[in-house]
Amino acid sequence: LNPNGRLKAVNAVPDSTAFNFKADGQTLLSSVPFAGSSSYVPLAAGQRTLQLEASNVPGTVVASLAQQVNPASDYTAVAVNLLPQAELVTFADDNTLPAAGFAKIRFANALVDSTGTDVLVNFASQVSGLAYKSASSYYTFAPATNYTITFATPGGVSVITTLTPVELDAGGVYTAYLLGTASAPQARLVRDR
């Protein structure tokens, strides 16, 4: 069994400069820009204190979070909110292989001050009322190069933003993030495996 966990970072703070992501004072990932996503880095199992600092102001922690890291487990640390209220949240990642010949995707809502979002894939509803600072469970799709992922206001009333064309490869594990602010939303697809 792998004694370490793994952590990747996503910067969803729209008014930020790049962030350093740290654990127990040690830098894990440096200079992650807004809408940027890192690769995974190993992180010793146990109780860890995750910290966020602006890359241009090293030593000044703008957010921290206590996180239990389990062996052989993957996590995504997401910096959320606007810079004066920056927070860290973590999602537990399931990077096990999808069913043979399929892809796996989940959706994450990091849109500042969101009251929830619905997610549609090829205009069919998948997730309703996904809360701010949370991620959905995983959904399985056949591989294709032309999916359309739509983030909409609750009830599908109006489109927040759309990501298209989206390529999902067989064996891939993905997270589609809703980022930004209500006036400048954006979506980003991150391949986790």
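Whenever you get a sec, compute what percent of the accessible area on the chain sits on carbon and sulfur atoms (1.4 Å probe).
Numbers: 4390 of 8240 Å².
Reported share for carbon and sulfur atoms: 53 percent.
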So for 178, 163, what's the accessible-area order with a 1.4 Å probe, most first?
-> 163, 178
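Packing-wise, with mean Cβ within 10 Å as the measure, how do 17-27, 120-130 rank, highest first?
Working: 17-27: 17.3, 120-130: 15.1.
Result, highest mean Cβ count within 10 Å first: 17-27, 120-130.
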When the Cα centres of segment 109-145 and segment 39-93 are compared, how far apart do they sit, in Å?
-> 22
Sorted by chain and number, the residues with a modelled amide H under 5 Å from that of residue 86, at a separation of 5 or more or across chains, are none
Taking θ as phi - 60°, what are the ³J(HN,Hα) couplings along segment 117-126 by the Karplus curve (6.51, -1.76, 1.60), each to the nearest whole Hz, with x for Gly and Pro?
-> 9, 9, 10, 10, 10, 6, 6, 9, 5, 10
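For segment 1-93, what does the equivalent ellipsoid look like in terms of its semi-axes, each the square root of 5 times an eigenvalue of the Cα gyration tensor, given largest first in whole Å? Display every interim value, and only then the final one.
Details: eigenvalues 93, 31, 25 Å².
Working through the eigenvalues yields semi-axes of 22, 12, 11 Å.
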About the Cα centre of the chain, what is the dipole size in debye to 20, counting +1 per Lys and Arg Cβ and -1 per Asp and Glu Cβ, all else neutral?
-> 200
The base-10 log of I(q)/I(0) that the Debye equation returns for the chain at q = 0.08, 0.09, 0.10 Å⁻¹, one scatterer per C-alpha, is -0.25, -0.32, -0.40
Return the distance in nm (one decimal) between the two label points of a simple spin-label model at residue 125 and residue 96, each offset 7 Å from Cα along Cα→Cβ.
-> 2.9
Read phi for every residue in segment 90-95 and hand back ³J(HN,Hα) as whole Hz from Karplus 6.51 cos²θ - 1.76 cosθ + 1.60, θ = phi - 60°, with x for Gly and Pro.
-> 10, 10, 7, 9, 10, 9
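Could you do me a favour and compute the accessible area per residue for segment 1-140, 1.4 Å probe, result in Å²?
Details: 5960 Å² over 140 residues.
Each residue of segment 1-140 exposes 43 Å² on average to a 1.4 Å probe.
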Calculate one ³J(HN,Hα) per residue across segment 49-66 by plugging θ = phi - 60° into the Karplus curve 6.51 cos²θ - 1.76 cosθ + 1.60, and present them in order as whole Hz with x for glycine and proline.
-> 9, 7, 9, 10, 9, 5, 4, 8, 10, x, x, 9, 7, 9, 7, 8, 8, 7
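The values are calculated or read from the model by the stated rules, or taken from the named source; none is laboratory data. Worth saying up front: this structure is predicted, and the values here are computed from it rather than measured. Because the Cβ atoms are built from the backbone with ideal geometry, glycine has one as well, and the counts that use them run over all protein chains shown. Ligands, DNA and RNA are stripped out before the accessible areas are found, and what is left, the full protein with its side chains, is counted by its heavy atoms. Shrake-Rupley method; radii C 1.70, N 1.55, O 1.52, S 1.80 Å.
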